[in-house]
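Worksheet: the structure to be examined is printed underneath.
Nothing in this text is a laboratory measurement; each read-out follows from the coordinates by a stated rule. The structure displayed is predicted, hence computed values, not measured ones. Quick reminder, even Gly has a Cβ in these numbers, built from the backbone with ideal geometry, and neighbours come from all protein chains shown.
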Ligand SMILES: *Cc1c(COP(=O)(O)O)cnc(C)c1O
């Protein structure tokens with residue numbers, strides 16, 4: 001208010017400053033309040049069920065569907081969000097959430113996310129955010145180095161592995177066609193030479209969706225048989241050529257095992273084809289000297305899709321698309337408009353599907369900065385070791401392991417007619433959360449260990465709950 005006492009000619013400026021200051025003061029107050037509420041939420045982690053109970057789920061009705069006609073006090077909006085939202089949030093960070101493939105968020109990443117939310121940077125072009133551009137470039141390089149990918153490789157951040165798969169498949173499609181003398185950018189796809197896809201019959205559905213979006217229909221796909229661990233069978237691989245797009249997988253969502261890259265990639269590439277690897281979570285095995293051999297040869301591919309938000313334990317949403325040659329990515333993604341011209345090599349809007357995009361790399365940067373190479377490896381190894389422990393505990397209790405543990409995935413059966421009932425019981429009890437799947441025609445319980453905060457105590461407590469639930473279904 002002191003500035004109001006200044007001369008009249010300063011008055012207009014001062015008023016604007018005061019309004020600005022009030023906005024910032026409100027934001028600061030709200031952020032402090034949010035941090036306090038988040039702290040309370042985290043403090044209850046151990047005593048809360050992993051999946052919210054019926055009561056907080058019912059209270060979600062307190063989020064009214066009626067469009068508010070007038071402004072409300074932002075502090076009461078935040079209080080309402082906390083009162084009815086926090087008790088209904090699923091606890092991925094409990095150490096006892098085994099559903100799907102869900103990492104939690106590393107402490108430093110959550111905090112970096114809050115700080116960068118205050119920054120609110122757009123990294124479409126470096127000039128829009130020098131700090132965002134610098135951290136993005138560093139994180140992209142670190143990820144490639146951790147994963148043992150070639151020095152020439154270029155990584156860009158996107159919303160998840162689905163979009164990373166799409167990005168890479170578009171780059172593959174355009175590059176294969178360009179090499180055959182067909183410019184997709186000019187001619188589109190009508191009349192283009194056909195691209196032949198070979199994919200594991202176990203390929204993830206997001207890859208099939210990406211193909212569809214890329215204008216490559218199911219008739220163009222040859223599905224290759226897999227072995228008992230869900231790995232592509234090398235002897236079932238057909239002849240490939242310069243119009244082949246081979247889609248491989250690091251980390252089967254059920255078994256955790258990977259395709260035999262070392263036997264397949266050189267063969268496809270020497271015929272002129274493109275190899276893309278979906279390694280949403282499994283590619284991170286390459287960051288651990290103890291597990292890298294499970295994805296041996298993966299670095300030989302042309303492109304890779306992975307996530308930070310699963311096994312690296314970055315907050316949602318963060319996927320990573322990586323191409324061995326930057327020019328392939330640029331050819332598929334760059335657009336032309338005078339006002340968007342840039343002198344920079346690494347203008348993200350010309351290397352990714354999005355134009356405006358939040359500086360998603362920041363959380364990944366923070367995690368790697370805090371852990372270093374050995375810390376990331378330890379994080380991967382911890383989940384893999386605990387997966388072995390979980391499998392041992394469940395088998396000691398009488399469950400049947402349906403596949404040897406691959407990386408962080410555990411697949412067990414409690415008998416064909418009982419497995420789904422056990423899963424439902426476990427979910428009801430709330431100590432931990434597990435999901436189901438069908439593996440080689442049989443119903444199975446699948447456990448994915450992706451939360452970095454998991455401990456041996458979490459595993460033992462969860463295994464007890466699962467076995468207890470099984471015994472109850474038999475009473
Ligand atoms: C999760 C997953 C995807 C999809 O990733 P999103 O980040 O959810 O889009 C693709 N492939 C595999 C193997 C996955 O586990």
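Some notes on this structure:
- Ranked by how many other Cβ atoms sit within 10 Å of their own Cβ, fewest first, the residues 158, 395 fall in the order 395, 158.
- Taking N as its residue count, the alpha carbon Rg of the chain over 2.2 N^0.38 Å: 1.09
- Burial order of peptide ranges 104-115, 82-93 (average beta-carbon count within 10 Å, highest first): 104-115, 82-93
- When peptides 277-284, 166-173, 43-50 are ranked by their average number of other Cβ atoms within 10 Å per residue, the highest-first order is 277-284, 166-173, 43-50.
- Distance between the C-alpha centres of region 48-69 and region 114-175: 35 Å, rounded to the whole angstrom.
- Taking region 223-252 and a reference point 7 angstrom along Cα→Cβ of residue 182, the backbone N atoms nearer than 16 Å belong to 241-246.
- Against the empirical 2.2 N^0.38 Å (N residues), region 350-475 has a Cα radius of gyration ratio of 1.30.
- Sequence of 123, 268 once ranked by neighbouring C-beta atoms within 10 Å, starting from the fewest: 268, 123
- P(r) tail fraction, region 245-294 - alpha-carbon pairs more than 13 Å apart, %: 57 percent
- Column: log10 I(q)/I(0), Debye, Cα scatterers of region 363-412, q = 0.24, 0.28 Å⁻¹: -0.79, -0.95
- Applying 1/(1 + (r/R0)^6) with R0 = 25 Å to the Cβ-Cβ distance of residue 21 and residue 80 gives a FRET efficiency near 0.40.
- Looking at region 159-293, the DSSP beta bridges with both ends there are about 5 percent antiparallel.
- Take each peptide in 305-311, 467-473, 357-363, count the other Cβ atoms within 10 Å of every residue, and average; sorted highest first, the result is 305-311, 357-363, 467-473.
- Distant alpha-carbon pairs in region 206-323 (separation over 25 angstrom), percent: 20 percent
- Where both bridge residues fall in the chain, DSSP classifies roughly 60% of the beta bridges as antiparallel.
- Shown is the FRET efficiency for residue 263 and residue 293, computed with R0 = 22 Å from the Cβ-Cβ distance and rounded to the nearest 0.05: 0.95.
- The chain, helix-only ellipticity at 222 nm - DSSP H runs n ≥ 4, -39,500 (n - 2.57), divided by all residues, nearest 500: -13500 deg cm²/dmol
- Potential extension, residue 424-residue 40 segment - 0.36 nm per residue separation minus Cα distance: 135.3 nm
- Working note: Cα gyration tensor of region 312-389, eigenvalues times five, square-rooted, sorted largest first, giving semi-axes of 34, 13, 11 Å.
- Cβ-derived FRET efficiency at R0 30 Å, residue 440 paired with residue 474, nearest 0.05: 0.75
- Once you reduce region 204-242 and region 348-379 to the center of their Cα atoms, the two points are 29 Å from each other.
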